[in-house]
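**Student:** Have a look at the structure that comes next, please.
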Amino acid sequence: MSAPAHKPPLSEVIAPGHTLTSVSEKITKIVLTRATPRGWYIGFGIAFLLVMVLLVSITKLLVSGIGVWGVNVPVGWGLAIINFVWWIGIGHAGTLISAILLLFRQQWRTSINRFAEAMTLFAVACAGIFPLLHVGRPWLAYWLVPYPNTMSLWPQFRSPLLWDVFAVSTYATVSALFWYVGLIPDLAALRDRAKSKPWKILYGIGAMGWRGAARHWERYETAYLLLAGLATPLVISVHTVVSLDFAVSVIPGWHATIFPPYFVAGAIYSGFAMVLTLAIPLRKIYGLQDFITLHHLQNMAKIVLATGMIVVYGYTMEAFFAWYSANPYEQAMLANRAFGYYGWTYWCLLGCNALTPQFLWFKKVRSNVVALFVIALIVNVGMWLERFVIVVTSLSHDYLPSSWDTYTPTKWDWGLYVGTFGLFLALLFLFIRFLPMISIFEMRTLVPSGVAEAAEKDEEHA
Amino acid sequence: MNAEPSLAQPPPTVDSSAEFAAIRARLQTRNGDEFWRELEALAGEPGFQDVLQREFPSQAPRFVPDVQRRDFLRLMGASLGVMGLAACTRQPDEKILPFARSPEYLIPGKPLYFATALTLGGCAQGLLVESHMGRPTKIEGNPDHPSSLGATDALAQAAILSLYDPDRSHSCLRAGQIGTWNAFTTELAGRLEALAARQGEGLAVLHAGEASPFLSAQLGRLVARFPKLRSYRWTPLHRDQERAGAELAFGRDVAVRYRFDKARVVLALDADFLAAGPGAVRYARDFAGGRMGRSYAAGMNRLYAVESTYSVTGAMADERLSLRPSELEGFARALAKELGLAVEAPALDARRARFARAAAKDLSQNVGAGVVLAGSGADPVVHALAHLVNERLRNAGSTVEYSVPLEVTSEPAAEGIRRLVEDTRAHRIDTLVILSGNPVYDAPAELDFAAALAGVPFRVHLAAQVNETSALCHWHVPEAHFLESWSDARAHDGTASIVQPLIAPLYEAGGVKSAHELVALLASEAGTSAYQLLRAQWQAASGKSGEEFEAFWRAALNDGVIAGTTFPALDVKPRADLDLGAPKAPENGLASGLELVLRADASAFDGRFANNAWLQELPRPITRLTWENAALLAPATATRLGLEPGDVVTLAAGGKSVRAPVWSVPGHAEDTLTLHLGYGRKLAGKLGTGLGFDAYALRTGVAPWRVGGVKLTKTGERAALATVQKQPDQEQRNLARVATFERFKAEGKLAFAGKHDSPFDQLAPPSLYPGFPYEGYAWGMVIDLNACLGCNACMVACQSENNIPVVGKDQILNGREMHWIRVDRYFEPSVTGSTETIVHQPVPCMHCENAPCETVCPVGATVHSDEGLNEMVYNRCVGTRYCSNNCPYKVRRFNFFPYADFETESLKMQRNPDVTVRSRGVMEKCTYCVQRISQARIQAKKEERAIREGEIVSACQAVCPTQAITFGDINDQASAISKLRGEPHHYGLLAELGTRPRTTYLGKLRNPNPELAENA
């Protein structure tokens, strides 16, 4: 691989003094250590409890019906769709980091791509729950899938919801494959280092007979690049299609051509914010500051700032078009967003998404880990509010004033949302306990070549 | 042992206690392991099994010792063998017979229609009731009936649900315990014998005085048997004020009927003649006819409304004036004086004087073509003034006709109930038979009827359902529904109808009887059925016999009206010695307390429909509240009193008080509250009990309709009132379009132009895509806003026709009502300057040709038919609700829960078999009554012809009193709907979105008096 001119000095993406061995040691140690840290148990325990909340919420929903939520007419979609869009958005960073940054040869991605991809998968898993459950008869949701049947059922291909089915399922499949393919060499490393027989077998199965042969590496590189090429358009397409759920409709506040790029930017924005939210505590707890360096955090902060500015542009244009169109319904929509029943959500959203990232212009803020963490959290909240404003506020005031009404989420709405946090965190805890959260072999490529050679000699001696 | 006796086992005859004592003694000697071994030994002894079976006979089969495995297999094998043998045996012949001779006209799948009539508020609406295989399912108006002309009001539509009300009484009750009809007749017969010996001294009957010739005749015969019978009459929604007014003016009671079809100018003095009271459905039709001549060449009538509370009539008014109820007399006097009558009149303020002057001028310019009428709540003097004005303007005899009153008694209702209480207190009554109603709940508050009733030694109450009065009576006899009983009734003009049953009483075995049957029992006519008595009655009345009478009877039943029974017009003149005296001073406003207006509720009526779910969920006109009543007041008054809608207040008057939530209504009279009767029921079934507050508590016999000096105190509590429309106005969106008649004549369509009208304001904005060619039928609907009253009858008709479930108050609060057609009500800043005006807009599905709902459904559950219907395939719907989100009209309804009642047997009988009952998780909406379209199509195909114009009538269209809804084929250029679509004031709701709605509207016209214009 020839390094492009703008490639950052390697010392910034990996702390100096690391050898190939120390990299492998450090990362595999987290997985292969016998004693599970007590903190892990506590964290997983909380996550598990939240998963129970999820299961209870789902059971209640299936037994009683969609009516346990606060949705009504006119606000037919509520927290379920907001959460779906939010989780899908979060799931954008992983593939973006892995695929697009890989294609652009951004080597700094190496230390964050693995868990960002894992995060993507888990977020998509959480997201997938919502569209399935939000339908009135979830047991018939498979009717959205085109398959030959005797009921002469065939989906209606003009509906964006159907496009969602394809977009999200494709995205989930490719993301999973991409993640797994990337894991194979590391699974082999774990297999080789695992002490106990069962783990050796399990990791061995996962490694699919990887022996590190040159042919393996050659095929691996090809497959990984191809998958990256496949995944790249998906990063754009998934949220484009999700945005079309709204843009294709006639409802003021939904019907806007700016939605696809604006949604994609918003997704990357929230995705990176989520990576930051997770990476900052993880590197602290597992002492990975050497691998996830301040340089990484800064780069991510810059992406958050850039995409944040695109999102702000989106807000501005929405408002501008509402005014410029001279369309009374659009204008009323804008006025209602800002000053209506849900007006506070709009101002909070602007505060979270437009104002907060502006601090990232300052290098001092970008290099302050605590500040970054707080900003990332606020951005996550802001992006959730953005979806709330789009989904709920628009629906609550549409064309005929006679049908205007408000939506108040019930405890079952919240239960499902909180429950998916549990699912997300539980999966994440399992991931960091049983799989290498940082790509070992890719990190090894970052070790300066002199050190690498020396390390190889060490290994030969060992 | 106190288990239920087992039929299989004889009851224990041996004294088992001795046996048990022996066993106990035997066991007591053992300890530890021995004890348990002894138990085993005991169980094995043959004698013990006998003891056990005697003690626990119902458990006996379980004590049969286990069959051994080998025995079991042996038996099984043998059984199988025997079964094979049995197949060889020839079974004996037991012939069953098919329904070879089915009842006449009964074709499965084809409904039959029978004419009958429903009496409400003293007069009858003629009905045609749809019957499916013997089940009445839907009520329609009878086109031949003068009070209906094919339409009905909302109450009549919902009356069918009361038939199937699961809370109806299923049996007679003696002091709350189930009793039989035989036990009742036996107990009553004993008393009646004693009473007959005393010539009926002590026997009393309380009835509603409704206009049934049959009941009057029966009561007459009852007097023949019991000459000293006391007969009382009470109904809370009486016409005592009208009666007193007529007596004041003419010296005798007369019924007034109006010819609004001939009226050019109408002045309603607190009269809600379009929506309440006798003949309202007919009046609405006649009145609307004078406003919607399609070309408007004939001009347009003009309605002035002077009222305290915003009524349906007030919403239709071209000029409306709101004033406190105590000020109405002054206004009426001023108007009369303006018209040259010699009455004393107080000075009015400038605005009211101007209004009175303009109305008087308009009336005097339309001599013989005007109507001045006073409402049932207006004081007698106002009624008298209306009579005088009509006489003066020669309206009497032209647009106003008089006839003998419909009521069977000449005594005012308030007097009847007062006399009853007085006689009760004086112990003059020994046996009281209450033939209908619920006086414990609705009698004037000062009488304390419940206490008086308790003093009567023997009390019988006939009621459909156990209510407050039943609870205080010795015997409760379940009353037959009008669709279960024979009777007769009179229309508002006196035309008689036979009420024929469509079904035998559902709970016949429980002793369900009609009032006629109960009176027949009292009169010792019990051997003859009500049917025979009714026939005999009409045979006598018609003077016909034999074949001739049969023909008469068949015609009466078939037509639903009896020809030649209309009351002839009377020529009455005002008394010469008429002196209306000095005007009563109005209450002096807030200083002496608020004024209260009492009105019948549009849904609960006098309280009898409290348990009717359709009516409870039906938004009330004007307020759009459901499931309860509220104290209505003007926003300005609310502000002055520091009240927000939903605040609970205590209202005190005359020593009584009620707690009520307040609700503000723009255009309501200031310093005045309106309370609706019929709520706060303590015993009204599962739904009706405890809804709202009881306004009867403040209602006295002397002031039945308005109360002065009411003290209001805030309680600090809040109530959640379930309204289906939270936004009061249309935010200048020009959705329900209104223009003045003057401007419309001059400018045509442009008169309706709103602030935001889009350049694409045409039904089909330009499109890049070619439209779908609709060949053959293309169904469409036009709704004339100019005719729509906002009476909501269409909503109940739709609910009844389409099996629409009710959802309850909590779901309404959550915005989940299910009505397929709704009537939006928008308050508008006045175009005329009088008060806030109201425009009503019925909104069913628009059946858009470019339906936004269809493109977004991922499973193709909502699709377009080649006739232009937007169809909903329930079975295919998975419930994404995307269609509802994307519907600009929000007419789609979602089953968030399993709203339809799949459990209650009686409610299943009401369902229209042609319409699917929807389950949980499915979207639904207006279908244009596709089942009716299909029926017409099948019929047309059988007869090898095209569907005729007018052959398909949607449920909402059929019921509409003003014929505001027209349905038909827009491809047929000659159809009524095509003509309406060519009118200049025809428009599509939100057509600028390019949805190409098939349901379209005609703009509303108002005809204000130019002299009353703000700047005139």
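**Student:** Any idea which of (1) closer than 12 Å to A:Ala301 by Cβ; (2) touching a strand residue (DSSP E or B) at 6+ places or on another chain (Cβ under 8 Å) is the one A:Leu400 doesn't satisfy?
**Tutor:** (1)
**Student:** Would you say A:Ala141 is surrounded by 18 or more Cβ atoms within 10 Å (Cβ to Cβ), within 14 Å of another protein chain (Cβ to nearest Cβ), assigned to a helix (DSSP H, G or I) and among the aliphatic types (A, V, I, L, M)?
**Tutor:** yes
**Student:** When you go through A:Leu423, A:Leu435, A:Leu428 one by one, which is the residue that is touching a Lys or Arg at 6+ places or on another chain (Cβ under 9 Å), away from chain B (no Cβ under 14 Å) and of a type in the set (A, V, I, L, M)?
**Tutor:** Residue meeting the stated conditions: A:Leu435.
**Student:** If we scan the stretch A:90-103, do we find a residue that is under 20 Å from A:Val304 (Cβ atoms) and surrounded by fewer than 20 Cβ atoms within 10 Å (Cβ to Cβ)?
**Tutor:** Checked against the condition, which is being under 20 Å from A:Val304 (Cβ atoms) and surrounded by fewer than 20 Cβ atoms within 10 Å (Cβ to Cβ), the stretch A:90-103 yields at least one hit.
**Student:** Give the stretch B:421-471 a look and list any residue that's part of a loop (DSSP other than H, G, I, E, B) and β-branched (Val, Ile, Thr), or say none.
**Tutor:** Listed by number, the residues that qualify are B:Ile429, B:Val456, B:Val466, B:Thr469.
**Student:** OK, next. Looking at this structure, is B:Thr700 surrounded by fewer than 19 Cβ atoms within 10 Å (Cβ to Cβ) and outside any loop (DSSP other than H, G, I, E, B)?
**Tutor:** no
**Student:** Run B:Asp165 past the list (1) assigned by TED's automatic domain parsing to the domain that holds B:Phe458; (2) part of a loop (DSSP other than H, G, I, E, B); (3) not small (Gly, Ala, Ser) and report the number of the one that doesn't hold.
**Tutor:** (1)
**Student:** Which ones in the stretch B:156-201 are touching a helix residue (DSSP H, G or I) at 6+ places or on another chain (Cβ under 6 Å) and not aromatic (Phe, Trp, Tyr)?
**Tutor:** Passing the criteria: B:Gln157, B:Ala158, B:Leu161, B:Leu163, B:Pro166, B:Asp167, B:His170, B:Ser171, B:Cys172.
**Student:** When B:Gly754 is evaluated against the numbered criteria (1) at negative phi; (2) touching a residue at least 24 places away in the same chain (Cβ under 8 Å), which criterion, by number, is the only one it fails?
**Tutor:** Failed condition: (2).
**Student:** Quick check: is even one residue across the stretch B:925-934 within 14 Å of chain A (Cβ to nearest Cβ) and either of a type outside the set (Lys, Arg) or within 17 Å of A:Trp143 (Cβ to Cβ) (or both)?
**Tutor:** yes
**Student:** Identify the residue in the stretch A:315-330 that is among the polar types (S, T, N, Q) and surrounded by fewer than 14 Cβ atoms within 10 Å (Cβ to Cβ) and, among all such residues, is farthest from the other protein chains (Cβ to nearest Cβ).
**Tutor:** Top of the filtered list is A:Thr316.
**Student:** In the stretch B:714-739, what residues are free of Cβ contacts under 8 Å to residues at least 24 places away in the same chain and of a type in the set (S, T, N, Q)?
**Tutor:** Those that are free of Cβ contacts under 8 Å to residues at least 24 places away in the same chain and of a type in the set (S, T, N, Q): B:Gln727, B:Asn734.
**Student:** With the stretch A:1-97 as the region, which helices (runs of 4 or more DSSP H) entirely inside it contain at least 2 residues that are more than 30 Å from B:Val724 (Cα to Cα) and either over 21 Å from the mean Cα position of the chain (by Cα) or modelled with pLDDT under 70 (or both)?
**Tutor:** Output list reads A:10-13, A:20-32, A:38-64.
**Student:** Could you list, in sequence order, the residues of the stretch B:859-895 that are within 7 Å of another protein chain (Cβ to nearest Cβ), surrounded by 20 or more Cβ atoms within 10 Å (Cβ to Cβ) and out of contact with any strand residue (DSSP E or B) (no Cβ under 9 Å at 6 or more places or on another chain)?
**Tutor:** If the condition is that a residue be within 7 Å of another protein chain (Cβ to nearest Cβ), surrounded by 20 or more Cβ atoms within 10 Å (Cβ to Cβ) and out of contact with any strand residue (DSSP E or B) (no Cβ under 9 Å at 6 or more places or on another chain), then B:Val859, B:Val878, B:Tyr882, B:Asn885, B:Asn886, B:Pro888 are the ones that fit.
**Student:** Moving on to the next point. Return the residue satisfying two criteria in turn: it lies in the stretch B:838-853 and is more than 8 Å from every other protein chain (Cβ to nearest Cβ) and not in a loop (DSSP other than H, G, I, E, B), and of such residues it is surrounded by the most Cβ atoms within 10 Å (Cβ to Cβ).
**Tutor:** B:Cys853
**Student:** Kindly indicate the residue of the stretch A:144-162 that is of a type in the set (Ser, Thr, Tyr) and under 18 Å from B:Val873 (Cβ atoms) and also nearest to the other protein chains (Cβ to nearest Cβ) among those meeting that condition.
**Tutor:** For the stretch A:144-162, the residue satisfying everything is A:Ser159.
**Student:** Out of B:Glu924, B:Glu951, B:Glu903, which single residue is surrounded by fewer than 16 Cβ atoms within 10 Å (Cβ to Cβ) and charged (D, E, K, R)?
**Tutor:** Exactly one of B:Glu924, B:Glu951, B:Glu903 is surrounded by fewer than 16 Cβ atoms within 10 Å (Cβ to Cβ) and charged (D, E, K, R), namely B:Glu903.
**Student:** Scan the stretch B:195-218 residue by residue and report those that are surrounded by fewer than 22 Cβ atoms within 10 Å (Cβ to Cβ) and part of a helix (DSSP H, G or I).
**Tutor:** B:Ala196, B:Ala197, B:Pro213, B:Ser216, B:Ala217
**Student:** Consider A:His255 against the criteria (1) within 14 Å of chain B (Cβ to nearest Cβ); (2) at negative phi; (3) buried (at least 22 other Cβ atoms within 10 Å of the Cβ); (4) outside any helix (DSSP H, G or I): it satisfies all of them except one. Which criterion is unmet?
**Tutor:** Tallying (1) within 14 Å of chain B (Cβ to nearest Cβ); (2) at negative phi; (3) buried (at least 22 other Cβ atoms within 10 Å of the Cβ); (4) outside any helix (DSSP H, G or I), A:His255 fails exactly one: (3).
**Student:** Among the residues of the stretch B:109-127, write down those that are closer than 17 Å to B:Ala797 by Cβ and in contact with a His (Cβ under 9 Å, 6 or more places away or on another chain).
**Tutor:** B:Pro111, B:Gln125, B:Gly126, B:Leu127
**Student:** Among residues belonging to the stretch B:505-547 that are of a type in the set (D, E, K, R) and closer than 24 Å to B:Ser169 by Cα, point out the one that is surrounded by the fewest Cβ atoms within 10 Å (Cβ to Cβ).
**Tutor:** Selected residue: B:Glu508.
**Student:** Please pick out the residue among A:Ala127, A:Ala167 that is under 25 Å from the mean Cα position of the chain (by Cα) and within 14 Å of chain B (Cβ to nearest Cβ).
**Tutor:** Sole residue among the options that is under 25 Å from the mean Cα position of the chain (by Cα) and within 14 Å of chain B (Cβ to nearest Cβ): A:Ala167.
**Student:** Does B:Phe63 count as at pLDDT below 75, surrounded by 10 or more Cβ atoms within 10 Å (Cβ to Cβ) and of a type in the set (Phe, Trp, Tyr)?
**Tutor:** Yes; evaluated as a whole, the condition is true for this residue.
**Student:** For B:Gly771, only one of the following conditions fails: (1) closer than 27 Å to B:Met316 by Cα; (2) out of contact with any Phe, Trp or Tyr (no Cβ under 6 Å at 6 or more places or on another chain); (3) more than 13 Å from chain A (Cβ to nearest Cβ). What is its number?
**Tutor:** Here B:Gly771 clears every test but (1).
**Student:** Here is a follow-up. From (1) crowded, with 17+ Cβ neighbours inside 10 Å; (2) away from chain B (no Cβ under 14 Å); (3) not in a loop (DSSP other than H, G, I, E, B), pick out the condition that doesn't hold for A:Trp210.
**Tutor:** Status for A:Trp210: all satisfied but (3).
**Student:** Any chance you could count how many residues in the stretch B:866-918 are assigned to a loop (DSSP other than H, G, I, E, B), over 24 Å from B:Pro111 (Cβ atoms) and among the charged types (D, E, K, R)?
**Tutor:** So the count comes out to 5.
The values are calculated or read from the model by the stated rules, or taken from the named source; none is laboratory data. Values in this document were obtained by computation on a predicted structure and should not be read as measured data. Positions of Cβ are generated from backbone atoms using ideal geometry, with glycine treated the same way; all protein chains shown enter the neighbour counts.
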